[in-house]
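In what follows, a structure is listed as C-alpha cells, so that the remarks can point back to it.
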Amino acid sequence: MGKYVLLLLGFLFYSVIGFAQSYGLQFSSHEVVPEKRTSLNLTPTEPLCLSDDTEISFDFNFTPNHETYFGYIIRIITNDNQNIDIVYNQKLLNFNFVIGERFSSVFKIDPARLFSALNHCIIRFDRKNQEVLFYLDKQLICKQKFNFSDATCCKIYFGTNDYEGFKTIDIPPMRLKDVRISQAKDQKHHYPLSGIAGNQAEDVIEKSIATVKNPNWIKPRHQNWEQVRSFQTSATASIAFDKKNEVLYIVSKDSLYQLSFKNGQFSGVKLSKSRNNLPRGNQSVFDPATNRLYNFYIDERKVSTYLPTLPGWSDNFNSTTLTEFWHANKFISTADSSLYVIGGYGQLQYKNLVQRYNFSNKKWEVTKPTGDFFMPRYLAALGTNAATDTAYIIGGYGSNTGDQTINPKYNYDLMAYSVRDSSFKKIYQLDVPGRQFCFANSLVFAPGTNDFYSLIYPIDRFNSSLQLIKGSLTSPDYELVGDSIAYAFHDIESFADLFYCPASQKLVAVTLFSSKNNITSVKVFSLSFPPNPLAGNKEVQNKKPPYLLYSIIGLLVLITSTLFFLKYKRKTPLVTGNQEAPVITGVDGIGATPTVVETASPPGDIIEEMPVHSSVFLFGQFEVADKNGADISRQFTPLVKELFLLILIYTYKDGKGISSEKLYEILWNDKPVKDARNNFSVNIVKLKAILDKVGEYHIGKESGKWKFEILNESIRIDYREFLELFTQKVAPDKNYISRLYNIIKRGAFLAETKYDWLDDIKSGITSFVIDASFKYLLVANVQAEAEWIVKFTNSIFYFDQLNEEALEYKCRSLVSLGRHGLAKDAYVKFVKEYKENYGQDFEKSFSAIIGH
C-alpha cells in the first residue's frame, strides 16, 4: 500500500507543477515544406493492442495567424488496414471524424475556443459493443460500428506520418498536450509533451518513448525570450504599439519602421521629408480609436501626427535642449480623447505633473489632481483598464520633494489615477526587496483578470537585465516569470517597454540604447503568453502558501511513514546482548545508505574540475585538449576557429544549428556563393581533422542546418555545461553556484575572441552570470564562506570589472578574514580603474564599501 501512496504523492506533485506551466507540442504545417512539418508517433516500436476497452484522449487547439488550416489532427491505423481520422476542412470550417473512407460525423468548434482554449478529445473503443465513440469536451459526438478483437493492434500518429499506404503531409498548425491512453479504465500511458528539446516524448507512467519529427516545444517559448529583431537607426528613436493589429512602430529621424507580430514582416518607410530635429526624449504613442500614430515632445508641448500619404509628419520640433521629462509615462484615454503624460525627470528634478493634451481642441494643460500624494518619480510602469479611464502606476525612482539632491529613493507604491475626477488613490505598497529595482515603461494586464506583467531591472549597473514579473491589482504579491533579458542601462540613454499581442498571445519587450554619436540600438524580444514561473524562485513577495496542498502532502507523507514503520517494526528483531544489529532495508530490500548531514562548508569545497583531456574550453581563453590532454588550440587557424565556434555555439544555444547561408554571410560575405561553398568545404575538412584528435563527434546537416553532436559523451565542453545551468531556471543553491564557479573561474566567455555575431551572446552570458551570482551571494553566509567569496568575486570581475556589488562582497569578506590591507588594495585598484573608464571619481568611500 505504501508504494501506491508514494505513486499518488508523485502524481500530486506532477499535477501541481503541470498546472502551473505552459507546455505542449506545436506543429509546423503548411507554412513550411512537407519534410519540415511536425509528426508525433506514439507507437514507434510496438503498436497498441486493443485487448480491452481502450480510450485515447488529448487536448489541442489551433495556432493563430496562419493562412492554411486543412489537415489531419490524428490518424489511427490498425494492423488490418482500418483507419480512424480526425480531419479539419478549412473550406467548410468543420471537423470530420472519419472511419475508413466514410464520414462518421461532422462537427464544429467555436472559433474562439478553437484558437484560445484547450479542446479535449476522447476516442473510445468499446469492445463489447464493437463500437468506436468520439467525445468532444465530454459530450458524445458520434459512435460507429468498428470490428476489432484481441489481435487488433494499431499505430497512432498526430500530424504527418510516413506509414506506407496511409501517408499524410497535410496538417493544421496546432498545439497538442496531455495525450493519455487508458485500458480497462486504468490509465496506462500519459505523454504530457512537456519537453524543452529533443526528438522524443516520454510517457510518465510506463516510461515508453514516443518519437517526434521537427518538434516545436512550447514550454521554452513560455520561458525563454526570443530576440526577434536587432538593428540601429539614426537619432534618439521612440516606439509605439498598435495592440489591435499587433504592430510595433519605431520612429526615427528620417524613417518609420514597422514590425508585425502577426506575420513577422519588418518594413521601413523612408520619409519624403526628414525632420531637421528629433530631440532626445521624444515619445510616440498609437491611438486605437483613430488608428493614428503620434510623436510628441513634452517640453515644446507639440504633438506631431504621422501622415502615411506623404509619408511624413505634420509638425517638426525645434528644441535643441534636453528634455525635463525623461522616462515619463503616457497613455491615451478614450473617455475624454486626450493624451496624458505623468511624471518624468530632468534638470535634477523628479516630476509628478499630470499633463494632458486634448486631441479635439489641440490644447495642453497641467491638471491639478486630488486624492493621495503622488511622489515625483521616473522609471515607473503604467497601464490602463479596458475603458482607459483609470491608469495604474507602479514603482519608480524619485523623492518626496522632487529635488534629486534631497533623499532620492526607490518607490514601490501602486497608484491609480482616475481620468473622471483627476485624482490619485494609493492601492498598496510592495515590500522593499533585497535587491532594489525600477520598472520598464508599461504595465500589461492579463485579459479578463486583475493580474499584470511588467519588466523590472536594477539601475545601479550598466550591464543590467530585465526580469519579467507577474503581479496583481488586488494584493501586493509578485513573482518572477520567464527568464531575463540583457539590458544596457545608462539612465537617460536607455529605455525599455513591454507590450501584449492578444491574437498571437505573445509579450513583446523592446529596448533602446542611444549612443553619443546619435545612433539608437533597437532590440525586440518576444515571449509566448502566459509566461511560465521561474522555477525555484525565492523572490516571491507575500505569496500565500497553498495550505490545502501542503496539508494533503503532509497527510500522505504521514500515512506512508506510518506504513513503513509498522512494516519494518514487524520484520526487525530486537537487538540484545551480542546479537548483530540487522541491516536497515529500504522499500526494495536493499541496504539503505546512511544519511549524510551536510556541513556549512563553502561551495568552493565541492567543486568538480573539468578534465584536461578531450575538452573544449570557451570560458577564458579558447582552448582545446586532445584525447591525451595535449593543448591543440594552435592547430585552429582563425577561419577554422570561427567556423567551429559558429557551428558549436549555434547548436547548443537554442538547439537549432546554423544554416549554410548564414555561415557564408558571416565568413565569406565578399565572395560569390559558389566560392563561399568551396571555401566552406575545404575548411570543414580541416576542422574535422582536428576534432578527430579530441573525441567522437558528428558534424552534419539536420533540417537544413549544420549541427555539432558529441557521441558517447566522449568530449566535455564547458559551454554545454554552462547551458545546463542556464536552462534550469532555479534559485542558485550551493551545488549550483559551485558548478557555475568551476566554469567561470577560467575567465569571461571567449574573453580574447571578438566577432560581431558574438556580442549579444556574450552580453546574455554576462548578464546571467552576474544575476545568478548575486542571487546566491544575497543569501550566503559571508562569515562562513568568506574565503570562497573572495575567489568567487574575482571571477565576477572577469565579466564586469567595475561591478560595485562584487567589490563590496570581496572587501567585506577580506575584512572578515582579517586581511584589511588586501581589502584596501582591492578598493584602491577599483577606484583607479573606475576613474580611467568613466572619467569621474568613484563616489563610495572605503568605509561605505565595507559597511562601517
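The values are calculated or read from the model by the stated rules, or taken from the named source; none is laboratory data. Everything quoted here is computed from the prediction, not taken from an experiment. Here the Cβ is made from the backbone with ideal geometry for all residues, glycine too, and neighbour counts use every protein chain on show. Areas reflect the complete protein model, heavy atoms only, side chains present, ligands, DNA and RNA absent. Shrake-Rupley method; radii C 1.70, N 1.55, O 1.52, S 1.80 Å.
For region 291-370, take every pair of Cα atoms, bin their distances at 10 Å starting from 0, and report each bin as a whole percent.
Binned Cα distances yield the sequence 16, 47, 30, 6, 0.
Please work out, to two decimal places, the log10 of the ratio I(q)/I(0) at q = 0.16, 0.18, 0.21 Å⁻¹ from a Debye calculation in which every Cα of region 70-218 carries one identical scatterer.
Log10 I(q)/I(0), no solvent term: -1.01, -1.32, -1.78.
Filter the GluC sites (Glu not before Pro) in region 749-852 down to the DSSP loop ones having no more than 15 other Cβ atoms within 10 Å, then list what survives. Mind dumping the intermediate values first?
Numbers: sites: Glu752, Glu785, Glu787, Glu804, Glu805, Glu808, Glu833, Glu836, Glu843; in loops: Glu752, Glu785, Glu843.
When the GluC sites (Glu not before Pro) of region 749-852 are filtered for loop state and at most 15 Cβ neighbours within 10 Å, Glu752, Glu843 remain.
Can you give the FRET efficiency for Asn361 and Asn277, using 1/(1 + (r/R0)^6), R0 = 30 Å, r = Cβ-Cβ distance, to the nearest 0.05?
Values: r = 26 Å, r/R0 = 0.87.
The calculated FRET efficiency here is 0.70.
Just order 359-371, 485-497 by mean Cβ neighbour count inside 10 Å, highest at the front, would you?
Details: 359-371: 12.4, 485-497: 19.9.
Ranked by mean Cβ neighbours within 10 Å, highest first: 485-497, 359-371.
Taking Cα pairs under 8 Å and at least six residues apart, what relative contact order does region 359-463 come out at, in percent? Provide the component values of the computation, followed by the final result.
On the way: 197 pairs, mean separation 25.9, N = 105.
Across region 359-463, relative contact order equals 25 percent.
Give the accessible surface of the chain per residue, rounded to a whole number of Å², with probe radius 1.4 Å and ligands, DNA and RNA excluded.
Counting only protein heavy atoms, the per-residue value for the chain is 48 Å².
What is region 660-749 by shape, rounded, prolate or oblate, if you read a ≥ b ≥ c off the alpha carbon gyration tensor as root eigenvalues and call it rounded for a/c under 1.5, prolate for a/b larger than b/c, and oblate otherwise? Let's see the in-between values first.
Details: a/c = 2.58, a/b = 2.02, b/c = 1.28.
Prolate, since a/c reaches 1.5 and a/b exceeds b/c.
Report, to one decimal in Å, the Kirkwood hydrodynamic radius for region 428-488 based on all distinct Cα pairs. Don't skip to the end; give the middle numbers.
Working: mean 1/r = 0.0811 Å⁻¹.
The Cα-based Kirkwood calculation yields 12.3 Å.
Can you tell me the Rg and the Dmax, both Å, for the Cα atoms in region 192-258?
20.1, 62
Please list 97-103, 398-404 highest first by mean number of surrounding beta-carbon atoms within 10 Å per residue. Walk me through the intermediate numbers first.
Details: 97-103: 14.0, 398-404: 17.4.
Going by the mean number of other Cβ atoms within 10 Å, highest first, we get 398-404, 97-103.
Hey, what's the Kirkwood Rh for region 629-706 if you take every pair of different alpha carbons, in angstrom? Spell out each step's value before the answer.
Details: mean 1/r = 0.0760 Å⁻¹.
About 13.2 Å, per the Kirkwood formula over Cα pairs.
No partner Cβ under 4.7 angstrom, meaning no disulfide-compatible partner by this rule: which Cys of the chain qualify?
For the chain, the answer is Cys121, Cys142, Cys154, Cys438, Cys501, Cys811, because their Cβ atoms have no other cysteine Cβ under 4.7 Å.
Charges on Cβ only, +1 for Lys and Arg, -1 for Asp and Glu, centred on the Cα centroid of the chain; of Tyr417, Ile56, Phe636, which one is farthest towards the dipole's positive end?
Positive-end residue among those listed: Tyr417.
Report the charge-dipole magnitude of region 204-287 in Debye, nearest 20, computed about the Cα centre from +1 at each Lys and Arg Cβ and -1 at each Asp and Glu Cβ. Write down the numbers at each step before the final one.
Numbers: 13 positive and 6 negative charges, 24 e Å.
With only Lys, Arg, Asp and Glu charged at Cβ, the dipole is about 120 debye.
Considering only protein heavy atoms, with the full assembly of protein chains and a 1.4 angstrom probe, order Val769, Val106 by accessible area, largest first. List each step's numbers first, then the result.
On the way: Val769 0, Val106 80 Å².
The most accessible residue leads, giving Val106, Val769.
Once ligands and nucleic acids are excluded and a 1.4 Å probe is used, how much of Ile181 is accessible, expressed in Å² to the nearest 10?
10
What are the semi-axes of the equivalent ellipsoid of region 769-818, taken as the square roots of 5 times the eigenvalues of the Cα gyration tensor, listed largest first and rounded to whole Å?
Ellipsoid half-lengths, sorted descending, are 17, 12, 8 Å.
Along the charge dipole of region 251-403, Cβ charges K/R +1 and D/E -1, which of Ser333, Ala391, Leu353 sits furthest on the positive end?
Value computed over the given set: Ser333.
Which GluC sites (Glu not before Pro) from region 698-746 combine a DSSP loop assignment with at most 14 other Cβ atoms within 10 Å? Don't skip to the end; give the middle numbers.
Details: sites: Glu702, Glu709, Glu713, Glu721, Glu724; in loops: Glu713.
Sites meeting the loop and neighbour criteria: Glu713.
Between Ser521, Ala381, Thr160, whose Cα lies farthest towards the positive end of the dipole of the chain when Lys and Arg beta carbons carry +1 and Asp and Glu beta carbons carry -1, centred on the Cα centre?
My answer, from the dipole projection, is Ala381.
Cα-Cα over 25 Å: which of Lys409/Lys829; Lys253/Lys506; Lys302/Lys409; Lys775/Lys844?
Working: Lys409/Lys829 29 Å; Lys253/Lys506 29 Å; Lys302/Lys409 31 Å; Lys775/Lys844 23 Å.
Pairs exceeding 25 Å: Lys409/Lys829; Lys253/Lys506; Lys302/Lys409.
About the Cα centre, and with charges only on the beta carbon of Lys, Arg (+1) and Asp, Glu (-1), how big is the dipole of the chain? Nearest 20 debye, please. All intermediate terms of the calculation are to be shown ahead of the outcome.
On the way: 95 positive and 90 negative charges, 208 e Å.
Roughly 1000 debye for the chain.
Could you work out [θ]222 nm for the chain from helices alone, using -39500 (n - 2.57) per DSSP H run of at least four and dividing by all its residues? Round to the nearest 500 deg cm²/dmol.
Values: 14 runs with 189 residues, N = 852.
The helix contribution divided over the chain gives -7000 deg cm²/dmol.
Number of Lys-Lys pairs in region 145-235 under 23 Å by Cα, sequence gap 8 or more or different chains?
18
How do Ser614, Ser847 stack up against each other in accessible area, from largest to smallest, with a 1.4 angstrom probe?
Numbers: Ser614 15, Ser847 60 Å².
Correct descending sequence by accessible area is Ser847, Ser614.
Mind ranking 631-644, 659-672, 506-519 by how tightly packed they are, going by the mean number of other C-beta atoms within 10 angstrom, highest first? List each step's numbers first, then the result.
On the way: 631-644: 15.6, 659-672: 14.1, 506-519: 17.6.
So the peptides 631-644, 659-672, 506-519, ranked by packing, come out 506-519, 631-644, 659-672.
How large, in Å, is region 214-292 by the Kirkwood hydrodynamic radius built from its alpha-carbon pairs? Mind dumping the intermediate values first?
Working: mean 1/r = 0.0687 Å⁻¹.
Result for region 214-292 stands at 14.5 Å.
Can you name the helices of the chain, as whole DSSP H runs, whose Cα span along the helix axis is 30 Å or more and whose Kyte-Doolittle mean is not below 0.5? Before the final figure, lay out each step's value.
Working: long enough: 547-571 (36 Å, 1.06).
What comes out of the filter, once short or polar helices are dropped, is 547-571.
Counting other Cβ atoms within 10 Å of each Cβ, which trypsin sites (Lys or Arg not before Pro) in region 137-214 have at most 13 and sit in a DSSP loop? Walk me through the numbers before you get to the answer.
Details: sites: Lys138, Lys143, Lys145, Lys155, Lys167, Arg175, Lys177, Arg180, Lys185, Lys188, Lys207, Lys213; in loops: Lys138, Lys167, Lys185, Lys207.
The qualifying sites are Lys138, Lys167, Lys185, Lys207.
When every alpha-carbon pair in region 33-95 is counted, what percent end up more than 13 Å apart?
On the way: 1490 of 1953 pairs.
In whole percent, the share of Cα-Cα pairs in region 33-95 beyond 13 Å is 76.
Compute for region 718-816: radius of gyration divided by Kirkwood radius, i.e. Rg/Rh, restricted to C-alpha atoms, rounded to two decimals. Walk me through the intermediate numbers first.
Working: Rg = 13.4 Å, Rh = 13.9 Å.
So for region 718-816, dividing Rg by the Kirkwood Rh gives 0.96.
Can you quote the Å³ per residue value for the convex hull of the Cα atoms in region 148-248, rounded to an integer?
Numbers: hull volume 20.5 nm³, N = 101.
About 203 Å³ per residue, rounded to a whole number.
Ignoring solvent entirely, what values of log10 I(q)/I(0) come out of the Debye formula for region 105-160 at 0.18 Å⁻¹ when each Cα is a single scatterer?
Normalising to I(0) and taking log10 leaves -0.77.
Just from the alpha-carbon atoms, what are the Rg and Dmax of the chain in angstroms?
30.6, 103
Obtain the radius of gyration and the Kirkwood radius of region 142-198 from its C-alpha atoms and give Rg over Rh.
Taking Rg over the Kirkwood Rh, I get 1.00.
Out of all DSSP beta bridges with both ends in the chain, state the antiparallel percent to the nearest 5.
Numbers: 193 of 198 bridges.
Restricted to the chain, the bridges split so that about 95 percent are antiparallel.
Can you tell me the dipole magnitude for region 621-775 around its Cα centre, using point charges on the Cβ only (Lys, Arg +1; Asp, Glu -1), in Debye to the nearest 20? List each step's numbers first, then the result.
On the way: 25 positive and 23 negative charges, 25 e Å.
With only Lys, Arg, Asp and Glu charged at Cβ, the dipole is about 120 debye.
Is region 768-852 best put as rounded, prolate or oblate by its Cα gyration tensor, with a ≥ b ≥ c the root eigenvalues, rounded for a/c under 1.5, and otherwise prolate when a/b is larger than b/c, oblate when not? Display every interim value, and only then the final one.
On the way: a/c = 1.94, a/b = 1.23, b/c = 1.58.
Oblate, because a/c is 1.5 or more while a/b does not exceed b/c.
Rg to Rh ratio, region 218-357, alpha-carbon atoms and Kirkwood radius?
Taking Rh as the inverse mean 1/r over Cα pairs, Rg/Rh reads 0.98.
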